[in-house]
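Colleague: My structure is below; once you've seen it, I'll send some questions.
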Amino acid sequence: MHGEPPAHPDRLLAFRPLDPTNRPAPLKTYTGVETLPLPRELRRSSLPAVDGLSGRNAEPGRLDDRLLGTLLFLAAGITRVARTADGGRVWFRSAMSAGNLHPVEVYVVHEDVHHYHPLDHGLVPLRRGVHVCDDVTLVLTGIPFRTCWKYGERGWRHLWWDAGALLANLVAAADAHGVPAQILVGFPDAAVAALVGIDGVDEVPLALVRFGSGELRLPPPDALEPVAARADPVAGRVLRFPLVVDAQTETALDPDAVAGWRQAALAVSMPAPATVEPPPDTYPNDRVENVILRRGSTRLFRRERAPSPVLEWGLAAAARAVPLDAAPAGTLIEHLVSVHDVADAEPGGYRYTAAGFEGLTRSDDPRAAGTRLCLDQPLGGDSAYTVFHAAALDPLLETLGGRGYRAAQLEAGIAAGRLALNAVAVGAGATGLTFYDRLVSRYFHTEAAPLLATAVGVPLTSPAPSGAPGQPVELSGYGRVMARLAAGLDGT
Ligand SMILES: Cc1cc2nc3c(=O)[nH]c(=O)nc-3n(C[C@H](O)[C@H](O)[C@H](O)COP(=O)(O)O)c2cc1C
């Protein structure tokens, strides 16, 4: 936790954060296997973006190759590229990711198993003829070292947040094409890891995304041949953080525990609406793919008042029920909101749930409070409002164990990703943020633990446009913006 002494100081790994001599590769690459190109033309959705983001249904669609390519690109594709001073390249992707490290990989399971390569916008064949599901299922995995390289042990949580942000895009795009997705966090870890050919330690399974209704028929791990294709190592020296390895293995599920675990979720998940009223301005020609491609994390906010729908609609639509096995009633989380400057809203601290806003605290200087809570980052206070997605951990852990913690972190990432899309859809901007854990609970006078923060407000400048698959737009002035941002930070 930020701002607290570590709980297990003797078990922390001594390492050099951001070691430039051991930088992880940003993309997983297999050698000696030919990538099968996906169609590069994106399929346009037919529903106004704000309708889809409010939970309204599109006409049922069919998940063919072109739509699969569209969904993969909108969730995990490379959209922008910046040149660094030393001539290197930094990729930006359609979903946000802490430190732009993108630890999440995506595999496509149908009759065969493929890995999605975002730079090539293609599929790398890993297994033929497995027939483990009748419809397409995606497997999301995380490479801990890619994010622990910067964040150390805290990187374990980043896997779930970043996967959640990716899933927010994926679910929004899938909904807009009438191919609704169901996210599963209850699955047998070892069997899923074996299916996609990962070791379950340096790359771990995070979530499944099912299109269609059939269960995966997963063979036991030892019934599968190892995947023959070899991937390049993620770094010269892949560090293993003992607490990260433990957190992952101790929250794994055996095949016979999955059904009971999903059933138990009924007791802790809370009701949330599947749909909300769209905002008053309807933006009839905007589409969710345009919203996703306009998104880029706001690097500087103007201290200006945001129109009411940016909060009223944006947050309500982000807090809608998630299609997640761990939240059958709707949601596992609540939202603590620090309102700074929004039309028709009193500045202060609120709890937001399906029941609406509940005032929790007032401050003489809410902007200063927002900045302080977000690790003294000005973005946290310059925003029109900052949300701390949170959960009451005791009941969650009691009923769903450590696996419930995974689920809540993932849902926080989904809420953050949705909030960012909603902000962009109504002309505002947003960024994910980290925060001082205990300070947030204290400020809002709550037992609930913050999981992830999202700041929403009036951006100083709009993000650069995004490119199409295989054609990322080159960013200019990247170094200048990063230097300006770093000047206001304390090293996050
Ligand atoms: C979980 C999470 C935490 C983040 N934390 C911060 C943060 O503390 N400060 C910050 O300036 N940006 C933060 N970001 C934004 C990332 O830096 C940003 O997503 C990344 O640089 C990629 O840029 P893009 O979102 O424009 O694609 C966070 C993003 C996520 C998903």
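Colleague: Out of the residues in region 69-81 that are within 16 Å of the ligand (Cβ to nearest atom) and in a helix (DSSP H, G or I), state the one that is nearest to ARG23 (Cα to Cα). Outline the logic, then answer.
Modeller: So the first thing to find is which residues in region 69-81 are within 16 Å of the ligand (Cβ to nearest atom), and the list is 73-81.
Filter once more, so that each one left must be in a helix (DSSP H, G or I): 73-76.
Numbers: PHE73: 25, LEU74: 26, ALA75: 24, ALA76: 21 Å.
Ranking the qualifying residues of region 69-81, first place goes to ALA76.
Colleague: Just a yes or no: is a residue in region 298-312 under 24 Å from the mean Cα position of the chain (by Cα) and small (Gly, Ala, Ser)?
Modeller: Of region 298-312, the ones under 24 Å from the mean Cα position of the chain (by Cα) are 298-301, 309-312.
With the extra rule that they be small (Gly, Ala, Ser), the set shrinks to none.
Taking every residue of region 298-312 in turn, none turns out to be under 24 Å from the mean Cα position of the chain (by Cα) and small (Gly, Ala, Ser).
Colleague: Please work out if GLU447 is among the acidic types (Asp, Glu), closer than 26 Å to GLY330 by Cβ, in contact with a strand residue (DSSP E or B) (Cβ under 8 Å, 6 or more places away or on another chain) and not in a strand (DSSP E or B). Spell out how you get there, then give the answer.
Modeller: Values: among the acidic types (Asp, Glu): yes; closer than 26 Å to GLY330 by Cβ: yes; in contact with a strand residue (DSSP E or B) (Cβ under 8 Å, 6 or more places away or on another chain): no; not in a strand (DSSP E or B): yes.
Spelling it out, it is not the case that GLU447 is among the acidic types (Asp, Glu), closer than 26 Å to GLY330 by Cβ, in contact with a strand residue (DSSP E or B) (Cβ under 8 Å, 6 or more places away or on another chain) and not in a strand (DSSP E or B).
Colleague: Please enumerate the residues belonging to region 102-130 that are surrounded by fewer than 20 Cβ atoms within 10 Å (Cβ to Cβ), in contact (Cβ under 8 Å) with a residue 24 or more places away in the chain and part of a loop (DSSP other than H, G, I, E, B). It would help to see each step written out before you state the result.
Modeller: Within region 102-130, the first condition is being surrounded by fewer than 20 Cβ atoms within 10 Å (Cβ to Cβ), and the residues that meet it are 110-112, 119-120, 125, 128-130.
Now restrict to residues that are in contact (Cβ under 8 Å) with a residue 24 or more places away in the chain: 110, 119-120, 125, 130.
Residues satisfying the conditions are HIS110, LEU119, ASP120, VAL130.
Colleague: A further question follows. So ALA85 passes all but one of these: (1) within 30 Å of GLU225 (Cβ to Cβ); (2) more than 19 Å from the chain's Cα centre (by Cα). Which condition number does it fail?
Modeller: The number of the failed condition is (1).
Colleague: With respect to GLY413, determine if the residue is within 24 Å of LEU266 (Cα to Cα), in contact with a helix residue (DSSP H, G or I) (Cβ under 8 Å, 6 or more places away or on another chain) and away from the ligand (no atom under 12 Å from the Cβ). If you could, list the steps in order and put the result at the bottom.
Modeller: On the way: within 24 Å of LEU266 (Cα to Cα): yes; in contact with a helix residue (DSSP H, G or I) (Cβ under 8 Å, 6 or more places away or on another chain): yes; away from the ligand (no atom under 12 Å from the Cβ): no.
Taking the combined requirement at face value, the residue does not satisfy it.
Colleague: On to the next question. Just the residues that are near the ligand (Cβ under 8 Å from one of its atoms), outside any strand (DSSP E or B) and not small (Gly, Ala, Ser), please, taken from region 82-101.
Modeller: Correct list: MET96, ASN100.
Colleague: Sticking with this one: Can you run down the residue pairs with Cβ atoms below 7 Å, 6 or more apart or on separate chains, where the first is in region 142-159 and within 13 Å of VAL245 (Cβ to Cβ) and the partner is hydroxyl-bearing (Ser, Thr, Tyr) and assigned to a helix (DSSP H, G or I)?
Modeller: GLY155/THR147; LEU159/THR147
Colleague: Further, regarding this structure: Answer yes or no as to whether GLY427 is at pLDDT 95 or above, part of a loop (DSSP other than H, G, I, E, B) and closer than 27 Å to GLY55 by Cβ. Walk me through how you get there before you give the answer.
Modeller: Numbers: at pLDDT 95 or above: yes; part of a loop (DSSP other than H, G, I, E, B): yes; closer than 27 Å to GLY55 by Cβ: yes.
Against the criterion (at pLDDT 95 or above, part of a loop (DSSP other than H, G, I, E, B) and closer than 27 Å to GLY55 by Cβ), GLY427 qualifies.
Colleague: Out of ALA407, ALA369, report the one residue that is within 20 Å of the chain's Cα centre (by Cα) and either within 30 Å of PHE187 (Cα to Cα) or more than 11 Å from the ligand (Cβ to nearest atom) (or both).
Modeller: Working: ALA369 fails: within 20 Å of the chain's Cα centre (by Cα).
Testing whether each residue is within 20 Å of the chain's Cα centre (by Cα) and either within 30 Å of PHE187 (Cα to Cα) or more than 11 Å from the ligand (Cβ to nearest atom) (or both) leaves just ALA407.
Colleague: So which residues in region 318-342 are out of contact with any Gly (no Cβ under 7 Å at 6 or more places or on another chain) and part of a loop (DSSP other than H, G, I, E, B), if there are any at all?
Modeller: ALA319, VAL322, PRO323, ALA327, PRO328, ALA329, LEU332, ILE333, ASP341
Colleague: Here's a follow-up. So, in region 26-68, how many residues would count as being loosely packed, with under 13 Cβ neighbours inside 10 Å, touching a residue at least 40 places away in the same chain (Cβ under 8 Å) and not in a loop (DSSP other than H, G, I, E, B)?
Modeller: Residues that pass the stated criteria total 1.
Colleague: Here is a follow-up. Assuming ARG56 fulfils every condition listed in (1) within 30 Å of TRP313 (Cβ to Cβ); (2) within 15 Å of the ligand (Cβ to nearest atom) apart from one, which condition is it?
Modeller: (2)
Colleague: Evaluate the following for GLY214: is it among the small types (Gly, Ala, Ser) and modelled with pLDDT of 95 or more?
Modeller: Values: among the small types (Gly, Ala, Ser): yes; modelled with pLDDT of 95 or more: no.
No.
Colleague: Do you know which of the residues in region 378-401 that are within 11 Å of the ligand (Cβ to nearest atom) and not in a strand (DSSP E or B) is surrounded by the fewest Cβ atoms within 10 Å (Cβ to Cβ)?
Modeller: Step by step, filter region 378-401, then rank; the result is PRO378.
Colleague: Quick one: in region 133-173, of everything that is in a helix (DSSP H, G or I) and of a type in the set (S, T, N, Q), which residue is farthest from the ligand (Cβ to nearest atom)? Write out each step before concluding.
Modeller: Going through region 133-173, the residues in a helix (DSSP H, G or I) turn out to be 144-173.
Checking the rest, the ones that are also of a type in the set (S, T, N, Q) come to 147, 169.
On the way: THR147: 9, ASN169: 11 Å.
Only one residue tops the list, namely ASN169.
Colleague: Looking only at region 256-298, which residues are among the charged types (D, E, K, R) and closer than 30 Å to GLY186 by Cβ? Working first, answer last.
Modeller: Kept after step one, since they are among the charged types (D, E, K, R), are these residues of region 256-298: 256, 262, 277, 281, 286-287, 289, 294-295.
If the condition is that a residue be among the charged types (D, E, K, R) and closer than 30 Å to GLY186 by Cβ, then ASP256, ARG262, ARG295 are the ones that fit.
Colleague: Still on this structure, please answer the following. Across region 109-152, which residue is farthest from GLY212 (Cα to Cα) among those that are in contact with a Pro (Cβ under 9 Å, 6 or more places away or on another chain) and among the hydroxyl-bearing types (Ser, Thr, Tyr)?
Modeller: Kept after step one, since they are in contact with a Pro (Cβ under 9 Å, 6 or more places away or on another chain), are these residues of region 109-152: 112-115, 118-123, 130, 132, 139-152.
Among the residues that remain, those that are also among the hydroxyl-bearing types (Ser, Thr, Tyr) are: 141, 147, 151.
Working: THR141: 21, THR147: 32, TYR151: 36 Å.
Result: TYR151.
Yes or no, residue by residue, for (1) outside any helix (DSSP H, G or I); (2) farther than 30 Å from GLU289 by Cα; (3) of a type in the set (Ser, Thr, Tyr); (4) free of Cβ contacts under 8 Å to residues at least 40 places away in the same chain:
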| position | (1), (2), (3), (4) |
| --- | --- |
| GLU346 | yes, yes, no, yes |
| TYR350 | yes, yes, yes, yes |
| PHE357 | yes, yes, no, yes |
| ASP376 | yes, yes, no, no |
| ALA412 | no, no, no, no |
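Colleague: Do you know which residues across region 69-101 are more than 16 Å from PRO463 (Cα to Cα) and without any contact (Cβ under 8 Å) to a residue 40 or more places away in the chain?
Modeller: Going residue by residue through region 69-101, those that are more than 16 Å from PRO463 (Cα to Cα) are 69-77, 83-89, 98-99, 101.
Across region 69-101, the qualifying residues are ASP86, GLY87, GLY88, ARG89.
The values are calculated or read from the model by the stated rules, or taken from the named source; none is laboratory data. Quick caveat: nothing in here was measured; it's all calculated off a predicted structure. For neighbour counting, all protein chains shown are included, and Cβ atoms are generated from backbone atoms with ideal geometry for every residue, glycine included.
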